[in-house]
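Peer 1: One structure, pasted below without further comment.
Nothing in this text is a laboratory measurement; each read-out follows from the coordinates by a stated rule. Worth saying up front: this structure is predicted, and the values here are computed from it rather than measured. Because the Cβ atoms are built from the backbone with ideal geometry, glycine has one as well, and the counts that use them run over all protein chains shown.
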Amino acid sequence: MCAAVLVETLTNERFPPEKAADFAIRNGARVSTGTDMNVLSKALSRTFGLKVTKTDRAAALLEALKQGSIAVANVGGDRPGYRGVFSDGGHYVIVFGIAPDGRLVIADPYRYAGKYEKSYRKTVEVAGSLLYAAPGVLDKDAENRSPRYTIFAGR
C-alpha cells in the first residue's frame with residue numbers, strides 16, 4: 001500500500017496495490033517480519049526515479065514535507081512505559097504533508113475500525129481516510145526506530 005501511494009502521488013503513474021505488492025516481492029523487500037524499507041526504497045528509486053533520503057530528525061522530515069516530498073514513518077509500537085499511538089508492535093505510516101494548523105497529514109495502511117478510539121490514541125484526529133497528528137506525536141512514536149523517516153521526492 002505504501003509503495004502504491006508513493007509512486008502514484010509522486011509520479012502520476014498508475015501503480016495499484018496488487019502491482020506494488022508484486023513489485024515488493026520481486027525486489028526482495030517482503031521479508032518474514034514485514035517490509036524491508038531499505039530494500040523497497042532502493043527499488044522504488046531505481047525503477048521510478050524517486051529521490052530517497054533517510055533521517056531520524058523530525059526537523060528534516062518537516063523541511064522535506066514543505067518541499068512537496070512524502071515520507072514513510074517507521075513507528076515502533078508499545079515499549080516499556082509507552083503505548084504506541086499508530087501501532088502496538090511496529091508499522092509504517094505515510095506522511096503526506098503539513099496541514100495549515102501545523103499537524104501532519106498521515107495515512108495508515110493498517111487502519112481498522114476503532115483503532116484510533118483507544119484512549120492512548122486520542123492525540124490523533126481521524127478525518128475521512130486521513131489522520132492528523134502533531135509532529136511530536138509521530139516523532140515520539142518512532143523514537144525507537146532508525147531510520148525514523150524514509151523521505152521520497154519526485155523526479
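Peer 1: Please count how many residues of region 6-18 are surrounded by 14 or more Cβ atoms within 10 Å (Cβ to Cβ) and either under 11 Å from VAL93 (Cα atoms) or basic (Lys, Arg) (or both).
Peer 2: 0
Peer 1: Next up: For region 73-92, indicate whether the set of residues that are under 15 Å from THR9 (Cβ atoms) and either assigned to a loop (DSSP other than H, G, I, E, B) or not basic (Lys, Arg) (or both) is non-empty.
Peer 2: No: zero hits.
Peer 1: Can you find even one residue in region 99-115 that is part of a helix (DSSP H, G or I) and either closer than 19 Å to PHE152 by Cα or out of contact with any Phe, Trp or Tyr (no Cβ under 8 Å at 6 or more places or on another chain) (or both)?
Peer 2: Scanning region 99-115, I find at least one residue that is part of a helix (DSSP H, G or I) and either closer than 19 Å to PHE152 by Cα or out of contact with any Phe, Trp or Tyr (no Cβ under 8 Å at 6 or more places or on another chain) (or both), so the answer is yes.
Peer 1: Does region 105-155 hold any residues that are closer than 21 Å to ASP56 by Cα and of a type in the set (S, T, N, Q), and which are they?
Peer 2: Passing the criteria: ASN144, SER146, THR150.
Peer 1: Select from region 117-155 the residues that are without any contact (Cβ under 8 Å) to a residue 60 or more places away in the chain, under 15 Å from ARG79 (Cβ atoms) and among the hydroxyl-bearing types (Ser, Thr, Tyr) and list them in ascending order.
Peer 2: Residues of region 117-155 that are without any contact (Cβ under 8 Å) to a residue 60 or more places away in the chain, as a first pass: 117-134, 137, 140.
Remaining after also requiring under 15 Å from ARG79 (Cβ atoms): 120, 140.
Matches in region 117-155: TYR120 only.
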